[in-house]
Amino acid sequence: MNERSPVSAKDRVSEILRRNERAMMAAILKTCDEVAWATADELKLAGVEPIKMRDGYFSSVALHQLFLHQCGADMETSKGGDPKRAAQLLLAGRRISAHYWEGIDANEQAGRSDIAMDDEERRELAESAHKAASRGVLRALIEQANATNPDLRNRITTDIEAFVAELAPQSETDRYFAELVRENVELLLQ
C-alpha cells in the first residue's frame, strides 16, 4: 500500500494560494504586454507614430492603479482614499527594499525609523512630492483651460513635437530624452 504523508490543511492552503498568485501575476504581466502591443497598433491605425514605451510602463500603470484601489482612492483622479493605508503600503514596500536589496534585516529595520532617511532618500522624496503636486496642478489647469479651448491638448502636443524636432536628437541619450518628454506630456494630458 502506497501511503502518502498527510498534508496539513495549512500546507494545502499555502500551495493553493501560491499557485493562484503565480497564475494571477502571469495574467497581469501577459495583459501588460498585450496592452503595449495593442496601444502601438492603435496608434499606427490612427496615423500616429507610436511612442516607444519604456520597459514596464504598463506594469507601472497597473501598480499605480492597484495602489489607488488598495487605498480606496479615486482611480481616475488619484484623490481621496485612506492616507494611513497608503502609508502602510509604502512602508511595506520600503521594508521589502531594505531587506532584499539593501541587506537590512528585520532586527535592524525594527530600530530604524521610516522618517530617518539619508540625504539621497530625502531628496528623492522631495522631488517625487514636487512632481506629484506639479502633475496634479497641471492636470487641473489643463482640464480647466481645455473646457474653454477644446483644441488645447492638440496644440500642446504639436508644440512639444516642434520642441523635440528643434533638439534634433542624435544620440541614444537625446532620443531617450525626447521619448521621456513625449511620455510625460502624454501623462499630463490624460
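The values are calculated or read from the model by the stated rules, or taken from the named source; none is laboratory data. Everything numeric here is computed off the predicted structure, so don't read it as measured data. We place every Cβ from the backbone using ideal geometry, glycine too, and count neighbours over all the protein chains shown. When the accessible area is computed, the model is the full protein with side chains, heavy atoms only, and any ligands, DNA or RNA have been set aside. Shrake-Rupley method; radii C 1.70, N 1.55, O 1.52, S 1.80 Å.
What to note about this one:
- At least 2 residues being modelled with pLDDT of 75 or more and open to solvent by 90 Å² or more (accessible area, probe 1.4 Å) is the threshold, and among the helices (runs of 4 or more DSSP H) wholly inside segment 96-190 those reaching it are 119-148, 152-167, 172-189.
- Scanning segment 16-30 for residues that are open to solvent by 70 Å² or more (accessible area, probe 1.4 Å) and either without any contact (Cβ under 8 Å) to a residue 12 or more places away in the chain or of a type in the set (V, I, T) (or both) gives I16, L17, R18, R19, N20, E21, R22, M24, M25, K30.
- Residue pairs whose Cβ atoms lie under 8 Å apart, sitting 6 or more positions apart in sequence or on different chains, and linking a residue in segment 61-89 that is of a type in the set (F, W, Y) to a partner that is assigned to a helix (DSSP H, G or I), are F67/A86; F67/L89.
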